[in-house]
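A short reminder: the numbers here are calculations on the coordinates, not readings from a lab. Nothing here was measured: the structure is a model prediction, and the numbers come from that model. Virtual Cβ from ideal backbone geometry, glycine too; neighbours counted across all protein chains shown.
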Amino acid sequence: MAHEAISVFDMFKIGIGPSSSHTLGPWRAAQRFVQSLRAQGGLSNVRDIKVLLYGSLAKTGKGHGTDVAVQLGLAGEDPVTFAVENLDARIRDIASMCSFVLGGEHELSFDPREDISFLLSESLPFHPNALTFLATLATGESIAETYYSIGGGFVVREGEGALKSTVDLPFPINNAEELLHWCIKTGLPIHDVVMENEGAWRSDAETREGVLKIWRVMKECTFRGCQRTGTLPGGLDVKRRAADLAKRLLQGQSFTDHDSWVAAIRTGGSQFQYILDWVSCFALAVNEENASFSRVVTAPTNGAAGVIPAVLHYYSVFYPGVTDEKIVNFLLTASEIGSIFKKGATISAAMGGCQAEIGVSSAMAAAALTEALGGSQRQAMMAAEIAMEHHLGMTCDPIAGLVQVPCIERNTMGAIKAITASQLALQSAPDYAKVSLDAVVDTMWATAQDMNSKYKETAEGGLAVNIPLSLSEC
């Protein structure tokens, strides 16, 4: 059976903001090009490198840090381990010295102002997020490779085509119908089906350890974002709001770390408005961190990185007895729903607008929360469908090409919609649902294809052209 095998660690990747498709993807592409150069004669033979950015990468690359990402990737840095506090200084050094150490091995002249080209009027047919690396060797020969950042940090090299995994999964899944088939046949909940498939790559213990690491990064990002004040970078002068909101909600409660912070939050009670404010606060915190080139988790993208951590904090903070095992199950279920959207539609805003990012993340969170709260597999899929149904057609129109307005607030809305969709599904009988999850995936993809390109992460339509750049959101 032909299928694309996508792991939980494909859907959830640790990286650096502000964009999985425009930052993490190009960074990974640069790393792959360095590996390719090593394999084709070594880095010491390289005399010159130029980078060409096409389509959406050209149009919003400055605001998304695409130029920053390719420089760090070429210099041998990794987004999982790079010290984000050194980012600005490192980029200033490259610009002032007009050089970097290629792959950490070979010093090379490189002027970002001359050697990175933003080809605003050019686009390649396979995908709007395209970049080409051109290397000149000491022999006078040249090497050119083109990569496509297809969303969520996934990268495809030109000529590879649609990558199909050779991993043999016990439960191959391309769509929701197949997922439900395996759930019914085995009697397993979604997260256990996913865990069985993850066994094709590694042991259950390794999967649990890796998923809990993803959760730790989410927790650290949320906690950090709820403490940091100031203005976001990029020139829009967007004021951080999460820290002020958290401070007001805590009303003087003291804490020293994430656990004591959660304990302080719980003392505030369980009133609807209080919980609603915290869900918004959690989401704001993550995406304010994302907009600040901080470390986040693609969920499934950076632009939508706040939805799942916000809903998962809602679940872990306000429901008693949430164990590490339940956290792992939540993220496994969410990852499978995300992979279904990736296979059947897209998780790239440059291909599908914001429905492909906030909509997918909301669907992922809705399904995971539903199963975590005791819902059946069919109710979980129903929740995912409801969440996406009410994001259909959402455009990606970032002002000034920055992942700030309207992106940050959209994460709060995606989180709230996920919780609402979960509650609706838990109180409903899936037998009477008129729309299936597969139908909404197909509809989302059809909508994406019909959507005008100016609403697909180009900053050429919507709010991006109707709001004065001097306006700050506060």
Packing-based exposure ordering (other Cβ within 10 Å, fewest first) of CYS98, CYS396, CYS407: CYS98, CYS407, CYS396
The answer for the net charge of residues other than GLY230 whose Cβ lies under 9 angstrom from its Cβ, with Lys and Arg +1 and Asp and Glu -1, is +3
Over the Cα atoms of the stretch 8-157, Rg to Rh with Kirkwood Rh, two decimal places? 0.94
Linear extension gain, LYS213 paired with ASP259, 0.36 nm per residue minus alpha-carbon span: 15.0 nm
In whole percent, the Cα-Cα distances of the stretch 176-466 spread across 5 Å bins from 0 upward as 1, 6, 13, 17, 19, 17, 13, 9, 5, 1, 0
Magnitude of the Cβ-charge dipole of the stretch 8-157, K/R +1 and D/E -1, about the Cα centre, nearest 20 debye? 340
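For GLN35 and ALA83, FRET efficiency with R0 = 22 Å and r from the beta-carbon atoms, rounded to 0.05?
After rounding to 0.05, the efficiency reads 0.50.
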Summed side-chain charge close to SER339 - residues other than SER339 whose Cβ falls under 10 Å, Lys, Arg +1, Asp, Glu -1: -1
Would you mind counting up the charge near SER19? Only other residues with Cβ under 11 Å from its Cβ, with Lys and Arg at +1 and Asp and Glu at -1. -2
Kirkwood hydrodynamic radius, the stretch 377-424, all distinct C-alpha pairs: what's the number in Å? 11.8
So which trypsin sites (Lys or Arg not before Pro) in the stretch 68-175 are both in a DSSP loop and have at most 16 other Cβ atoms within 10 Å of their Cβ? LYS164
Theoretical gain in end-to-end length, GLU196 to ALA144 [0.36 nm per residue, Cα-Cα removed]: 14.7 nm
For the residue pair ASP204 and CYS98, what label-to-label distance in nm results when each label sits 7 Å from Cα along the Cα-to-beta-carbon direction? 6.0
Computed E for ARG228/GLU177 - FRET, C-beta separation, R0 41 angstrom, nearest 0.05: 0.40
Taking the stretch 311-409, how much of its Cα-Cα pair set, in percent, is spaced more than 24 angstrom apart? 27
Just the C-alpha atoms of the stretch 344-474: what Rg/Rh do they give, with Rh taken as the Kirkwood radius? 1.04
Evaluate E = 1/(1 + (r/R0)^6) for ARG47 and VAL167, where r is the Cβ-Cβ distance and R0 equals 45 Å; express this FRET efficiency to the nearest 0.05. 0.70
